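Everything on this sheet refers to the single structure shown next.
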Amino acid sequence: MPTSVPLPPAGHLVLGVGIDVVAVERFGRSLDRTPSLARRLFAPAELVTPSGAPRAAASLAGRFAVKEAVAKALGVPRGMQWHDCAVVTEESGRPVLVTTGTVQAAAAALGVELWRLSLSHDGGIAAAVVLALGLPPASGRNGSGRLAP
């Protein structure tokens, strides 16, 4: 039986959308060539599966695509630290985004309260789509509906 995805609270809007694709083989070669890269991009828990086995390059590429998509959904905030957004896996297997530090601060500034994400890898490509959801601030908006500078 499929796991239901919780609906956002009433009134929440899509405040940002991000999408990214990563070539799995190329990403895997980068990880092999630069062993410290994985530690710079991923929190320790992201590097292993729930059973403790090392994640395959395709899985890591998908998680990196999520991080890139988050950056795009937030408007590519300056100083974003990769460890401040992590993809964790629920017991059901559903990936969930956890934000802290620089990413949480950028999200809060935009009114983002919830994240929805989808990631996949097939045919040598990892892809991710991220939705940033929240209640837009009542003030601070200009006539176009965009945040005022």
task: Subtract the Cα-Cα distance of SER36 and SER92 from 0.36 nm times their separation in residues, and report this length gain in nm to one decimal.
output: 17.1 nm
field: Listed peptides 91-104, 113-126, 28-41 by packing density, highest first (mean Cβ within 10 Å)
entry: 113-126, 91-104, 28-41
query: With all pairs of different alpha carbon atoms counted, what Kirkwood hydrodynamic radius in Å does the chain show?
result: 16.2 Å
query: With contacts defined as alpha carbon pairs under 8 Å and 6 or more residues apart, what's the relative contact order of the range 13-134 in percent?
result: 38 percent
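Bear in mind these aren't lab numbers, they're just calculated from the coordinates by the rules spelled out. Because the structure is predicted, anything quoted here is derived from the model rather than measured. All Cβ positions, even for glycine, are placed from backbone atoms using ideal geometry, and neighbour counts span all protein chains on display.
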